[in-house]
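Asks: Mind looking over this structure? Questions follow.
Any read-out appearing in this document is the output of simple, stated calculations on the displayed coordinates, not a laboratory observation. Every value quoted in this text rests on a predicted model; they were computed, and no experiment measured them. Here the Cβ positions follow ideal geometry from the backbone for every residue, glycine too, while neighbour counts run over all protein chains shown.
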Amino acid sequence: MTGKLGQIKDNIRDARSGRLIFISHCLLNQNACVRGLASQPAVIRQLLDLLLEHQAGIFQMTCPEVSYLGSMRWGQVKKQYGNPMFRRHCRRIAREVCDQVQTYRDNDHRVVGIVLRDGSPTCGLRCAAVEADRDQVWGGMVWSASPRQRFGNTPGVYSEELQAEILTRPGFTVPLFALPEVAEAGSFEKSLEEIEQALKEVD
Ligand code: SF4
């Protein structure tokens with residue numbers, strides 16, 4: 001083992017790299033995606049390969065949507081998820097994540113950052129699914145609905161609560177990244193390069 005952890009804990013040396021990254025649940029479990037959005041059979045392979053190449057431990061955050069609505073859910077826009085109950089649910093997950101980041105850091109591990117999912121109304125960082133027409137009424141029976149969405153330059157509900165939670169903790173910062181769910185939500189390659197750069201910086 002190399003790095004700060006190996007130097008400090010020389011008397012209890014083990015095989016760990018001492019570096020880890022937090023990622024949105026569906027990056028490691030495509031089954032969590034709303035039906036129609038899974039882009040790969042099991043995991044986002046390019047990310048997993050990259051993380052293993054850099055020997056980063058992977059902390060899979062709870063999926064806010066599946067843990068709130070179950071796996072049989074419709075795709076929704078941010079306005080629908082932006083209710084106080086879902087925000088409270090997201091805030092609970094965000095607190096747990098920040099606590100976990102803190103405890104690893106307190107014990108000499110290096111946290112590369114948190115990888116979210118652009119395009120998601122929940123985990124989007126730079127963009128999220130929003131309603132295409134602000135005047136359109138959302139809600140009602142699904143078979144009579146004809147909703148239209150677009151991607152707006154706004155974070156999703158979980159990302160907003162995560163950033164709000166980070167701000168409540170004096171001196172606490174953590175780099176945030178996002179891989180797009182779909183091509184319209186950003187460049188997958190560019191986003192992967194940003195994560196790779198961050199991994200190199202903590203190698
Ligand atoms: S983007 Fe977030 S809310 Fe959507 S499936 Fe992935 S982890 Fe769940």
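Asks: Kindly rank 39-45, 176-182 from highest to lowest mean number of other beta carbons found within 10 Å of each residue. Provide the component values of the computation, followed by the final result.
Replies: Numbers: 39-45: 13.4, 176-182: 22.3.
The packing order, highest mean first, is 176-182, 39-45.
Asks: With a cut-off of 15 Å, note down the residues of region 160-203 whose backbone N falls inside the zone around a label point 7 Å from the Cα of Q30 toward its beta carbon.
Replies: Output list for this probe position: 180-183.
Asks: Using a Gaussian network for the chain with springs between C-alpha atoms less than 10 Å apart, which of these wobbles most: S146, S24, S159?
Replies: So, out of S146, S24, S159, the one fluctuating most is S146.
Asks: What Kirkwood hydrodynamic radius do you get for region 119-203 when you take the inverse of the mean 1/r over all pairs of distinct Cα atoms, in Å? Provide the component values of the computation, followed by the final result.
Replies: Numbers: mean 1/r = 0.0672 Å⁻¹.
So the Kirkwood estimate lands at 14.9 Å.
Asks: List the chymotrypsin sites (Phe, Trp or Tyr not before Pro) within region 36-86 that fall in a DSSP loop (any state other than H, G, I, E or B) and whose Cβ has at most 12 other Cβ atoms within 10 Å. The partial results should precede the final answer.
Replies: On the way: sites: F59, Y68, W74, Y81, F86; in loops: W74.
Filter output for region 36-86: W74.
Asks: Further question: Using Cα springs under 10 Å in a Gaussian network model of the chain, which residue among Q163, Q60, Q136 shows the largest mean-square fluctuation?
Replies: Comparing Q163, Q60, Q136 in a Gaussian network model of the chain, the most mobile one is Q136.
Asks: For the chain, take the longest principal axis of its alpha carbons; what is the angle in degrees between that and the long axis of helix 84-106, to the nearest 10 within 0 to 90?
Replies: Tilt relative to the chain: about 10 degrees.
Asks: Report, in degrees rounded to the nearest 10, the 0 to 90 angle that the Cα long axis of helix 157-167 makes with the longest principal axis of the chain.
Replies: Once rounded, the angle reads 40 degrees.
Asks: Using helices alone, what [θ] at 222 nm do you get for the chain, with -39,500 (n - 2.57) per DSSP H run of 4 or more residues, divided over all residues and rounded to the nearest 500?
Replies: Details: 7 runs with 71 residues, N = 203.
My calculation for the chain gives -10500 deg cm²/dmol from helical runs alone.
Asks: Separate question: What do you get for the angle between helix 188-201 and the principal long axis of the chain? Use alpha-carbon atoms, 0 to 90 degrees, nearest ten.
Replies: Computed tilt is about 20 degrees.
Asks: Sort D135, D99 so the one with the fewest other Cβ atoms within 10 Å of its own Cβ comes first. Please list the in-between numbers first.
Replies: Working: D135 5, D99 12.
Ascending Cβ contact count within 10 Å gives the list D135, D99.
Asks: One quarter of the convex hull surface, Cα atoms only: what value does that give for region 15-152 in nm²? If you can, show how the numbers build up before the last one.
Replies: Details: hull surface 38.1 nm².
That works out to 9.5 nm², a quarter of the Cα hull's surface.
Asks: Using only the Cα atoms of region 37-97, build the gyration tensor, take square roots of its eigenvalues as a ≥ b ≥ c, and label the shape rounded, prolate or oblate: rounded if a/c is under 1.5, else prolate if a/b is larger than b/c, else oblate.
Replies: Since a/c reaches 1.5 but b/c is at least a/b, the shape of region 37-97 is classed as oblate.
Asks: For the chain, set up a Gaussian network in which alpha carbons nearer than 10 Å are linked by springs, and say which option among V157, V137, V112 fluctuates the most.
Replies: V137
Asks: A follow-up question, please. Going through region 115-187, which trypsin sites (Lys or Arg not before Pro) have at most 15 other Cβ atoms within 10 Å and a DSSP loop state? Please report the intermediate quantities before stating the final value.
Replies: Numbers: sites: R117, R126, R134, R148, R150; in loops: R126, R134, R148.
When the trypsin sites (Lys or Arg not before Pro) of region 115-187 are filtered for loop state and at most 15 Cβ neighbours within 10 Å, R134, R148 remain.
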